[in-house]
Amino acid sequence: MIKVGIIGSTGYAGAELVRLLTNHKDAEIVWYGSRSYIEKPYAEVYGNMFKLVDAKCMDDNMDELAEQADVIFTATPQGLCASLVNDEILSKVKIVDLSADFRLKDVSVYEKWYGIEHKSPQYLDEAVYGLCELYRDEIKGARLIANPGCYTTCSILTAYPLVKEGLIDPQTLIVDAKSGTSGAGRGAKVNNLYCEVNENIKAYGVATHRHTPEIEDQLGKACGKDIVISFTPHLVPMNRGILATEYASLVPHADGSLPTKEELAAAYEKYYKNEKFIRLLPYATPTETKWVEGSNYVDISFKIDERTKRVVMMGAIDNLVKGAAGQAVQNMNLIFGLPEDEGLDLVPSFP
């Protein structure tokens, strides 16, 4: 039985970890960390855990936790994990960090986009980017995992095969993404109040959103060069879900002809045919967040726009599952040699 500690267990992503791991046959949660609710019964914070979780919330003492757990999930704001991790802790326990602290290898890029000093840059080279479908072999046996962001997971996976195969020009990539309000976390913010969000949709972080360099970094690795994209997120009045609509110019063949839908479909099949959690929809079928809600699935589709010589790529995920906690559990499964879908074989819920 894998002993699990969660720092930040009362945030939305942390609570989703608790929900998923409660039904994981090979895992036992031994530490419900929450700086805001120390000594308060977890089931009083989240009533859905009444009669399911008897434990009280504890602090974020990672040194003590490392003595009790086999793996620690840090579902915390940027900067906390980097300030707590050290050689002694990493010698005792695996860490899956749900923040951005170890996603970017260039410390100057991290400090520029996140506006804080990186407290442990010595671990950046070691940390493995935890996008399981792309880095499965590197994740197995790793001791520090940088769990990808929600927007990035959806955006990267939606475009990756076409970027990797050189079928689109990544320098022309535009990502237009929408997220439910749980993506902003559980903290009290005026912009996330019901009256602010309901009956409204708005762009935010225009040309400045922190997930931009993460998407550029991973897709740049796919095509072997630095790229610059346009990424604009939007907040929509729903609890869960991310929808990414992405546009890019097709790269003509040597004879001037454009890639066909069959060629693009073949690229997606090449990389995702055997992926349990990626569902390739029929050609030109729009993806919808309601069909992935509560699950670890990624739904992907595309359509060629003959008039503009571009392709429209569409992806949908649940931001709290595949975009956060589900992917973290998927990483844990890989690290410990378990079936990748253990605890994640979830049918999307509807309505």
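Kindly check whether there is at least one residue in region 244-252 that is within 24 Å of the chain's Cα centre (by Cα) and either more than 22 Å from Thr172 (Cα to Cα) or assigned by TED's automatic domain parsing to the domain that holds Ala15 (or both).
no
Going residue by residue through region 339-350, is there one that turns out to be more than 30 Å from Val128 (Cβ to Cβ), not β-branched (Val, Ile, Thr) and not assigned by TED's automatic domain parsing to the domain that holds Gly11?
Within region 339-350, one or more residues are more than 30 Å from Val128 (Cβ to Cβ), not β-branched (Val, Ile, Thr) and not assigned by TED's automatic domain parsing to the domain that holds Gly11.
Considering each residue of region 168-186, count those that are under 22 Å from Tyr135 (Cβ atoms) and out of contact with any Ser or Thr (no Cβ under 8 Å at 6 or more places or on another chain), and give that number.
Residues in region 168-186 being under 22 Å from Tyr135 (Cβ atoms) and out of contact with any Ser or Thr (no Cβ under 8 Å at 6 or more places or on another chain): 1 in total.
In region 82-99, is there at least one residue being under 21 Å from Gly294 (Cβ atoms), within 18 Å of the chain's Cα centre (by Cα) and β-branched (Val, Ile, Thr)?
Scanning region 82-99 turns up at least one residue that is under 21 Å from Gly294 (Cβ atoms), within 18 Å of the chain's Cα centre (by Cα) and β-branched (Val, Ile, Thr).
Considering only region 216-268, how many residues are on the phi < 0 side of the Ramachandran plot and part of a loop (DSSP other than H, G, I, E, B)?
19
Report, by residue number, each residue of region 1-45 that is closer than 23 Å to Asn239 by Cα and part of a loop (DSSP other than H, G, I, E, B).
Gly8, Ser9, Thr10, Gly11, Asn23, Ser34
Conditions first: (1) under 14 Å from the mean Cα position of the chain (by Cα); (2) modelled with pLDDT of 95 or more; (3) of a type in the set (Ser, Thr, Tyr). Ser182 passes all but one, so which condition is the exception?
(2)
Which residue, of Val18, Val107, is of a type in the set (A, V, I, L, M, F, W, C), under 30 Å from Leu219 (Cβ atoms) and within 21 Å of the chain's Cα centre (by Cα)?
Val107
Starting from residues that are of a type in the set (D, E, K, R) and within 12 Å of Val163 (Cα to Cα), keep the ones in region 202-244 and report whichever is surrounded by the fewest Cβ atoms within 10 Å (Cβ to Cβ).
Filtering first and then ranking leaves Lys225.
Could you check region 292-341 and list, in sequence order, the residues that are within 17 Å of Glu275 (Cβ to Cβ) and in a helix (DSSP H, G or I)?
Val321, Lys322, Gly323, Gly326, Gln327, Val329, Gln330, Asn331, Asn333, Leu334
Please go through region 187-214 and pick out each residue that is more than 24 Å from Pro148 (Cβ to Cβ) and among the aliphatic types (A, V, I, L, M).
Within region 187-214, Ala188, Val190, Leu193, Val197, Ile201 qualify.
Identify, from the list Ile278, Ile304, Ile317, the residue that is within 14 Å of Leu157 (Cβ to Cβ), in contact with a helix residue (DSSP H, G or I) (Cβ under 7 Å, 6 or more places away or on another chain) and surrounded by fewer than 24 Cβ atoms within 10 Å (Cβ to Cβ).
Step by step, each of Ile278, Ile304, Ile317 is checked, and only Ile278 is within 14 Å of Leu157 (Cβ to Cβ), in contact with a helix residue (DSSP H, G or I) (Cβ under 7 Å, 6 or more places away or on another chain) and surrounded by fewer than 24 Cβ atoms within 10 Å (Cβ to Cβ).
Test Phe302 against the stated conditions and say whether it is over 23 Å from Gly241 (Cα atoms) and not β-branched (Val, Ile, Thr).
So Phe302 does not fit the description; no.
Do you know which residues across region 125-136 are touching a residue at least 24 places away in the same chain (Cβ under 8 Å) and either acidic (Asp, Glu) or outside any helix (DSSP H, G or I) (or both)?
Ala127, Tyr129, Gly130, Leu131, Glu133
Report yes if Thr287 is under 26 Å from Gly183 (Cβ atoms), part of a loop (DSSP other than H, G, I, E, B) and β-branched (Val, Ile, Thr), otherwise no.
Answer is yes for this residue.
Tell me the helices (runs of 4 or more DSSP H) entirely within region 66-124 that contain at least 3 residues that are of a type in the set (A, V, I, L, M, F, W, C) and under 19 Å from Thr208 (Cα atoms).
107-114
Can you report the number of residues in region 115-147 which are within 25 Å of Thr158 (Cα to Cα) and surrounded by fewer than 18 Cβ atoms within 10 Å (Cβ to Cβ)?
4
Yes or no: Lys270 more than 17 Å from Asp305 (Cα to Cα) and either touching a residue at least 12 places away in the same chain (Cβ under 8 Å) or among the acidic types (Asp, Glu) (or both)?
yes
The values are calculated or read from the model by the stated rules, or taken from the named source; none is laboratory data. Source: prediction; values computed, not measured. Cβ sites come from the backbone with ideal geometry, for glycine too, and all protein chains shown count toward neighbours.
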